[in-house]
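First comes the structure, then the notes that go with it.
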Amino acid sequence: MKLGRVVGTVVASRKDEKLEGLRLYMVQDLSLGITGRDSFVVAVDSVGAGVNEVVLYASGSSARQTRETDGRPVDAVIMAIVDTVEVNGAVAYDKSGD
Amino acid sequence: MKLGRVVGTVVASRKDEKLEGLRLYMVQDLSLGITGRDSFVVAVDSVGAGVNEVVLYASGSSARQTRETDGRPVDAVIMAIVDTVEVNGAVAYDKSGD
Amino acid sequence: MKLGRVVGTVVASRKDEKLEGLRLYMVQDLSLGITGRDSFVVAVDSVGAGVNEVVLYASGSSARQTRETDGRPVDAVIMAIVDTVEVNGAVAYDKSGD
Amino acid sequence: MKLGRVVGTVVASRKDEKLEGLRLYMVQDLSLGITGRDSFVVAVDSVGAGVNEVVLYASGSSARQTRETDGRPVDAVIMAIVDTVEVNGAVAYDKSGD
Amino acid sequence: MKLGRVVGTVVASRKDEKLEGLRLYMVQDLSLGITGRDSFVVAVDSVGAGVNEVVLYASGSSARQTRETDGRPVDAVIMAIVDTVEVNGAVAYDKSGD
């Protein structure tokens, strides 16, 4: 999985029928220091994430292993909202103080 | 999924039989600021996209989860035409004003 | 899919039994301007491509969706020989004038 | 597979139900010289790894081939703890002297 | 597939049960000119390759299509030992003169 921050939303009225009802988020990749990278994905939300939250997303066929995404043309899914990240013994991210 | 802009077309008369009837588009990857990146893919269209539109495409096995691409040697499919993208609270792209 | 140019061949007499009879090509990735990039793959040919031709190749599990590659340890397959590529309204590649 | 070093942990209380009970590690990619790279993944642990250990992780659908990860939205799994790495005839890493 | 050179070995006594009996090689990626790149993978050997040989490896789910790797958490497999590579009409690699 990758760590990302939800930085925005995508609206698409014309889409494959199997995408109906799914929420699409812009998710910016994060560095080990929990700062924004240059890269991002558009991911489906399966856990009720919101803009500005740090999340975990899964890619590829693994992104279709949730109830929301099973059998759909989806290659990235947000499957967890991150509370804390610890790197090298220090707190790199804490949602409560974000 | 990734955000891309349809910038062109590919014509191939000699191809695997399972590719017959599919439209092939050149799709340039976009940055968070919705400007063109250096990279691109050739994607099959499943939603009636046209040149110059901003689209979402799915890659890998997920690209075979549409009716048009099921069971075919296709690893990228356009599955949505984007209306709007919002990043960090501002409109980064609006199809009506593109 | 990606656009590549067939730039050479690979010969391997000792290989997995499921690779017997497959032709292996060196395929250099191409830029939007149809010039050679630094990267390449070794792809199986499913359409009778030849050296110097511009082709489309599919990667990952999608590369196993052709008759030649089904069930084999192959992650890249040439599935089309390109006639023309049009980018931003201009012809970027034309096989007849290559 | 890739070589990585476990550099930290991720805690997420709100997550897809299929992630319950899985331990999530920050795994930094390593170079051929066994030094830390810029990139990392968040991987599920299937072998009882601990922080600071050098491990192997598998990505994509292969990450779902362990008992712990079967059928779950997981795209990276730690499946081995590395004892030694030898590169070009020299010991590049030895756990006992790490 | 990708071209790589076997540059070393990985030993891991603690690992997923499905990895028992598999040989793990450090495989450095090669450029079109058959020189070593910065990147590498750890791949399972299915063809009896040895250190210093130039090989082909397959990634992702395709890496599980050999008898040795079927159903295992393995995302890279060496499936051929390369005899010769020809690029742009010249021999870029010849095992007999390596």
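Values in this text are rule-based calculations from the coordinates and carry no lab data. The structure presented is a predicted model; accordingly, all values stated were derived computationally and were not measured. Cβ coordinates were reconstructed from backbone atoms using ideal geometry, including for glycine residues, and neighbour counts include every protein chain displayed.
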Listed peptides A:81-90, D:51-60, E:71-80, B:42-51 by packing density, highest first (mean Cβ within 10 Å): E:71-80, D:51-60, B:42-51, A:81-90
Sort shortest first the distances from A:THR9 to its counterpart in every other copy, using label points 7 Å along the Cα-to-beta-carbon line, and give them in nm. 3.5, 3.5, 5.7, 5.7
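Please report the relative contact order for chain D, taking Cα pairs under 8 Å with a sequence separation of at least 6, and give it as a percent rounded to a whole number. It would help to have the intermediate numbers written out before the result.
Working: 195 pairs, mean separation 25.7, N = 98.
Reported as a whole number, the value is 26 percent.
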Past the 23 angstrom mark, what percentage of all C-alpha to C-alpha distances in region C:2-97 do you count? 24 percent
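Average partner chain C-beta neighbours within 10 Å, per residue of B:82-94?
Working: counts 8, 6, 6, 8, 7, 8, 6, 4, 1, 1, 4, 2, 1.
Neighbouring Cβ atoms belonging to other protein chains average 5 per residue here.
Please compute the average number of Cβ atoms from other chains found within 10 Å of each residue's Cβ in peptide D:19-32.
Details: counts 7, 0, 0, 1, 0, 5, 0, 7, 0, 3, 1, 1, 3, 9.
Mean shielding count: 3.
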Projected onto the charge dipole of chain E (unit charges on the beta-carbon of Lys, Arg, Asp and Glu, signs +1, +1, -1, -1), the Cα from E:MET1, E:THR35, E:SER96 with the largest positive-side position is that of E:MET1
How long, wide and thick is the protein assembly as shown, going by the Cα atoms along their three principal axes, in whole angstroms, largest first? 62, 61, 30
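Which value, in debye to the nearest 20, gives the size of the charge dipole of chain E about its Cα centre, when Lys and Arg are +1 and Asp and Glu are -1 at the Cβ?
Details: 11 positive and 14 negative charges, 53 e Å.
About 260 debye.
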Here the correct list, in nm and shortest first, of distances from B:SER31 to the same site in the other copies, label points 7 Å along Cα→Cβ, is 1.7, 1.7, 2.7, 2.7
Amide H to amide H, which residues 5 or more places from C:ALA92 or on other chains are under 5 Å from it, using H placed in the peptide plane? C:VAL85, C:GLU86, C:VAL87
May I ask you to list the residues of region B:47-80 whose amide nitrogen lies under 11 Å from a point 7 Å from Cα along the Cα→beta-carbon direction of A:THR9? none
Of A:MET79, A:VAL44, A:VAL11, which is farthest towards the positive pole of chain A's charge dipole, taken about the Cα centre with +1 and -1 on the beta-carbons of Lys, Arg and Asp, Glu respectively? A:VAL11
Whole angstrom only: what separates the Cα centroid of region D:52-81 from the Cα centroid of region A:54-80? 16 Å
Label 7 Å beyond Cα on the Cβ vector: A:GLY71 copy-to-copy distances, nm: 1.6, 1.6, 2.6, 2.6
Please compute, for peptide A:65-72, the average count of beta-carbon atoms on other protein chains lying within 10 Å of each residue's beta-carbon. 4
